[in-house]
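The values are calculated or read from the model by the stated rules, or taken from the named source; none is laboratory data. Bear in mind that the values here come from a model prediction, so they are computed numbers and not experimental data. Cβ sites come from the backbone with ideal geometry, for glycine too, and all protein chains shown count toward neighbours. In case anyone asks, the SASA skips ligands and DNA or RNA and just uses the protein heavy atoms, side chains included. Shrake-Rupley method; radii C 1.70, N 1.55, O 1.52, S 1.80 Å.
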Amino acid sequence: MKITVIGAGAIGGNLAAKLRTAGHDVQVTDARGRQAVRAEVLEAGARTADLAAAVQDRDVIILSIPFGVAGQLADLFASVPAETVVIDTSNYYPGMLSEPIEAVDNGQVESVYTAGQLGRSVVKAWNAALAETQRTRGVPAGTPGRLAIPVAGDTQEARRVAMQLVDDTGFDPYDAGPLADSWRQQPNSPAYCTELTLDELPAALAAADRAKDAAIRDSLPHRIAALGANPTVDDVVEMNRAAHR
């Protein structure tokens, strides 16, 4: 597929490299300029592009940008065909990685808010796994213990496309239903950054509790500080699991 990744940070850059390695035609663009694209992304064969050109004639556009800024791209996306699948990887951390957003604080689902700001439907994927998990723990399909990633969206076809790409990045995709249900994979739900298999993920999604999970999310600075200097991926995953025991 022809794919554009907007945002070359830890998750966006990783996805660009992995999807290019999987054989897709990948362009990557970043508001900080072409110099923000890491060397390993370009070594994998992804190409840098200017933003306006990067959203034209593409099958999939992946938004790997800070939560709350999608509205700045609404005019750009007005010319993008409706059949182009748009995937949102962002997460809302008010007061940490984002300014507080009243609509979301009052209960609007994160990616439903993003879709409204963007002016088109989106699919939620890759948000519920740590960047380092995505970079280092993807394995071929059929590998025992392969980790799973939930995918939520409002059309079966859009979810199908996103799920195929999740599989291409080394993870079992799980159909998590409509976008309105994607709150179950938001921070810090039992399914969020806890490294679960396809057999384990459905129960974790079902166990989500919006008020409890938001409180766990907001306690992140304290919990991270308690891990000490230089926590490992395993340390962070265990911290997230322990919050729900």
Checking the structure you have, find out if any residue of the range 126-133 is under 19 Å from G7 (Cα atoms), touching a strand residue (DSSP E or B) at 6+ places or on another chain (Cβ under 9 Å) and β-branched (V, I, T). yes
So which helices (runs of 4 or more DSSP H) are wholly in the range 173-245 and hold at least 1 residues that are within 23 Å of V161 (Cβ to Cβ) and not hydroxyl-bearing (S, T, Y)? 201-206
All but one of (1) touching a Ser or Thr at 6+ places or on another chain (Cβ under 6 Å); (2) open to solvent by 50 Å² or more (accessible area, probe 1.4 Å); (3) hydrophobic (A, V, I, L, M, F, W, C) hold for A215; state the number of the condition that does not hold. (1)
Long-range neighbours under 9 Å by Cβ, at least six apart or interchain, first residue in contact (Cβ under 8 Å) with a residue 40 or more places away in the chain within the range 57-77, second among the basic types (K, R): D57/K2; R58/K2; D59/K2; V60/K2; A74/R120; F77/R120
Taking the criterion of being out of contact with any strand residue (DSSP E or B) (no Cβ under 8 Å at 6 or more places or on another chain) and open to solvent by 20 Å² or more (accessible area, probe 1.4 Å), would at least one residue in the range 167-174 satisfy it? yes
Mind checking which pairs have a first residue in the range 121-135 that is surrounded by fewer than 24 Cβ atoms within 10 Å (Cβ to Cβ) and a second that is in a loop (DSSP other than H, G, I, E, B) and at pLDDT 95 or above, Cβ under 7 Å, 6 or more apart or different chains? S121/D154; L130/C193; T133/E195; Q134/W126; Q134/T169
Among the residues of the range 145-165, write down those that are surrounded by fewer than 24 Cβ atoms within 10 Å (Cβ to Cβ) and closer than 26 Å to T232 by Cα. G145, R146, L147, A148
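Please pick out the residue among G68, G45, G95 that is at positive phi and crowded, with 18+ Cβ neighbours inside 10 Å.
Working: G45 fails: crowded, with 18+ Cβ neighbours inside 10 Å; G95 fails: crowded, with 18+ Cβ neighbours inside 10 Å.
Exactly one of G68, G45, G95 is at positive phi and crowded, with 18+ Cβ neighbours inside 10 Å, namely G68.
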Suppose the filter is more than 23 Å from Q27 (Cβ to Cβ) and surrounded by fewer than 21 Cβ atoms within 10 Å (Cβ to Cβ); does N106 pass it? yes
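Could you run through the range 197-212 and say how many residues are open to solvent by 30 Å² or more (accessible area, probe 1.4 Å) and either under 21 Å from R146 (Cα atoms) or of a type in the set (G, A, S) (or both)?
Step one: list which residues in the range 197-212 are open to solvent by 30 Å² or more (accessible area, probe 1.4 Å), which gives 197-200, 202-203, 206-207, 209-212.
Subsequent filtering for residues that are either under 21 Å from R146 (Cα atoms) or of a type in the set (G, A, S) (or both) retains 197-200, 202-203, 206-207, 211.
Total satisfying the criteria: 9.
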Kindly indicate whether A115 is surrounded by fewer than 17 Cβ atoms within 10 Å (Cβ to Cβ) and among the aliphatic types (A, V, I, L, M). no
